[in-house]
Amino acid sequence: MINSKDQLLRERAASVIPGGMWGHMSTRYLGSAYPQFFERADGCRVWDVDGREYIDLMCSWGPNILGHHHRVVEEAAARQRSLGDAMNGPGEVLVELAELLVKTVAHADWAMLQKNGTDATTACVTIARAGTGRRKVLVARGSYHGAVPWCTPSLAGVTAEDRAHLIHFDYNDVASLEAAVEQAGNDLAAVVVTAFRHDIARDQELPTAAFAKRARELTTAADAALIVDDVRAGFRIDLAGSWEPLGVRPDLSAFSKAIANGYPLAAITGTDRFREAATKVYVTGSFWYGAVAMAAAIATIKTLRDTNAIASMNAAGERLRSGLDAAARKHGLLLRQTGPVSMPMVLFDGDAEFSKADAFCSAALREGAYFHPRHNMFLSAAHTAGDVDLALHAADAGMAAAAQVA
Ligand code: PMP
């Protein structure tokens with residue numbers, strides 16, 4: 001929008017922020033109609049700086065799980081804020097949260113806290129190496145584990161040495177995992193897997209039971225760590241851990257995003273096998289002990305547990321998925337909707353360049369629903385059936401626009 005507040009902020013940003021914006025929230029990957037800057041949020045809605053309101057299907061890219069301004073979480077955070085946040089040590093809430101995580105996450109004998117998902121995945125890898133005395137770390141091709149040299153998707157500024165001990169396999173491909181384990185030989189420290197395959201711009205894949213079980217067998221046989229990167233999916237599939245329904249328990253898990261309903265926090269949980277290693281490594285950060293986010297996390301996890309929030313998100317997800325399918329059919333389009341319904345990936349058949357997806361999203365955006373054309377989306381427990389129906393109403397306009405794309 002010319003002369004919009006968003007445009008003016010972008011112009012100011014362009015001169016003081018490299019590229020105008022960095023990272024996953026840069027709108028350079030989205031249609032020109034997308035706002036870069038937001039003014040406020042409430043429940044499952046967001047308002048951009050020009051005052052336009054959207055039903056939000058991205059949920060801050062995961063952190064918003066109970067809805068913005070959730071009363072119980074905000075009261076817990078406010079109570080702790082009035083006591084103190086970043087002090088010379090953590091508050092009582094640290095122990096309370098660690099106890100809650102150990103009780104909630106099935107494999108957990110202990111927990112440690114950080115700030116971002118990358119802190120957590122990186123700490124898991126460090127602990128696995130410390131605990132095994134080995135170097136090789138197996139990661140799935142295309143999986144995202146964070147934005148530091150060992151795992152960032154951009155190779156700018158990354159050296160070959162940063163990745164010298166990574167070996168790749170294909171997610172859900174048992175033979176390629178076995179080959180990678182073989183290649184690591186007696187230097188295998190860890191296998192790192194995301195909760196399910198949620199790589200950008202492709203169909204999502206739930207892990208097969210055979211893949212998950214083999215990953216467990218191979219790491220157990222090698223006395224290496226199985227690390228589940230639950231940063232994105234954690235608390236949306238199963239509070240006990242995303243691989244719990246598969247009957248496979250990792251040695252180490254990384255969580256962040258939804259853990260504190262938008263307050264900055266990450267956590268790793270581990271088994272006793274890696275407790276000593278976790279004691280030895282030096283992992284820390286200036287803000288890792290902030291008590292407000294911990295209080296928010298306790299309130300978030302207890303609310304998720306006590307309100308059956310995962311079932312609510314699944315119900316909203318089912319409604320969205322079937323409504324989108326119906327809208328697509330109405331306009332003669334075929335969709336591929338993959339992964340858990342609460343974390344939708346919506347791709348169009350015959351849309352290699354994502355031009356249908358872009359047309360869909362831009363038109364739906366103008367009608368008040370914030371979808372993403374290439375990344376998985378997120379639902380929250382604040383999305384009611386009525387909110388989903390509003391998003392579907394906008395989606396109908398989106399499908400009409402997508403149907404115009406050759
Ligand atoms: N792992 C996964 C699976 C993620 O989705 C993300 C964030 N998108 C990360 C790690 C990194 O988390 P953060 O951005 O909080 O560092």
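The values are calculated or read from the model by the stated rules, or taken from the named source; none is laboratory data. Note that this is a predicted model, so its numbers are computed, not measured. Virtual Cβ from ideal backbone geometry, glycine too; neighbours counted across all protein chains shown. For the accessible areas, the whole protein counts, side chains as well, though only heavy atoms, and no ligand, DNA or RNA atoms are used. Shrake-Rupley method; radii C 1.70, N 1.55, O 1.52, S 1.80 Å.
Selection of first residues in the range 159-181 that are within 13 Å of T208 (Cβ to Cβ) and at pLDDT 95 or above and of second residues that are surrounded by fewer than 17 Cβ atoms within 10 Å (Cβ to Cβ) and of a type in the set (V, I, T), restricted to Cβ pairs under 6 Å at least 6 apart or on distinct chains, gives the following pairs, ordered by first then second residue: N172/T208. On inspection, R129 qualifies as open to solvent by 60 Å² or more (accessible area, probe 1.4 Å) and either farther than 20 Å from T307 by Cβ or within 16 Å of the ligand (Cβ to nearest atom) (or both).
Scoring F255 on the criteria (1) under 23 Å from P344 (Cα atoms); (2) open to solvent by 30 Å² or more (accessible area, probe 1.4 Å) leaves a single failure, condition (2).
Is it true that W22 is aromatic (F, W, Y), without any contact (Cβ under 8 Å) to a residue 24 or more places away in the chain and over 26 Å from E353 (Cβ atoms)?
Numbers: aromatic (F, W, Y): yes; without any contact (Cβ under 8 Å) to a residue 24 or more places away in the chain: yes; over 26 Å from E353 (Cβ atoms): no.
Criteria not met by W22.
Selection of the range 185-210 for residues being within 19 Å of the chain's Cα centre (by Cα) and of a type in the set (D, E) yields D199, D203, E205.
Consider the range 105-121 and keep the residues that are in contact with a helix residue (DSSP H, G or I) (Cβ under 6 Å, 6 or more places away or on another chain) and over 29 Å from P153 (Cα atoms). The one that is surrounded by the fewest Cβ atoms within 10 Å (Cβ to Cβ) is D109. If you go through the range 347-367 and pick out every residue that is in contact with a Leu (Cβ under 6 Å, 6 or more places away or on another chain) and either outside the structural domain of R321 (by TED's automatic domain parsing) or of a type in the set (A, V, I, L, M) (or both), you end up with 0.
What do you reckon, is A296 touching a residue at least 12 places away in the same chain (Cβ under 8 Å) and assigned to a strand (DSSP E or B)? Here the answer is no, as A296 does not meet what is asked.
Can you spot a residue in the range 181-195 that is in a loop (DSSP other than H, G, I, E, B), within 12 Å of the ligand (Cβ to nearest atom) and open to solvent by less than 20 Å² (accessible area, probe 1.4 Å)?
The first filter runs over the range 181-195 and keeps only residues in a loop (DSSP other than H, G, I, E, B), leaving 195.
Next, only the ones that are within 12 Å of the ligand (Cβ to nearest atom) stay: 195.
When the remaining residues are screened for being open to solvent by less than 20 Å² (accessible area, probe 1.4 Å), the result is 195.
Yes, the range 181-195 contains a residue that is in a loop (DSSP other than H, G, I, E, B), within 12 Å of the ligand (Cβ to nearest atom) and open to solvent by less than 20 Å² (accessible area, probe 1.4 Å).
Would you be able to say whether some residue in the range 69-84 is within 16 Å of the ligand (Cβ to nearest atom) and either within 21 Å of the chain's Cα centre (by Cα) or in a strand (DSSP E or B) (or both)? Scanning the range 69-84 turns up no residue that is within 16 Å of the ligand (Cβ to nearest atom) and either within 21 Å of the chain's Cα centre (by Cα) or in a strand (DSSP E or B) (or both). Residues that are under 23 Å from M313 (Cα atoms) and over 19 Å from the mean Cα position of the chain (by Cα) within the range 237-281 comprise L246, G247, listed in sequence order. Comparison of G19, G23 shows that the only residue that is under 27 Å from the mean Cα position of the chain (by Cα), over 22 Å from N376 (Cβ atoms) and surrounded by fewer than 16 Cβ atoms within 10 Å (Cβ to Cβ) is G19.
Could you check how many residues of the range 373-382 are open to solvent by less than 10 Å² (accessible area, probe 1.4 Å) and in contact with a Cys (Cβ under 9 Å, 6 or more places away or on another chain)?
Filtering the range 373-382 for residues open to solvent by less than 10 Å² (accessible area, probe 1.4 Å) gives 373, 376-380.
Then keep just the ones that are in contact with a Cys (Cβ under 9 Å, 6 or more places away or on another chain); that gives 373, 377-380.
Qualifying residue count, the range 373-382: 5.
Per-residue answers, yes or no, for (1) outside any strand (DSSP E or B); (2) modelled with pLDDT of 95 or more; (3) buried (at least 22 other Cβ atoms within 10 Å of the Cβ); (4) in contact with a strand residue (DSSP E or B) (Cβ under 6 Å, 6 or more places away or on another chain):
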| residue | (1), (2), (3), (4) |
| --- | --- |
| E318 | yes, yes, no, no |
| A326 | yes, yes, no, no |
| R336 | no, yes, no, yes |
| S342 | yes, yes, yes, no |
| G350 | yes, yes, no, no |
| S362 | yes, yes, no, no |
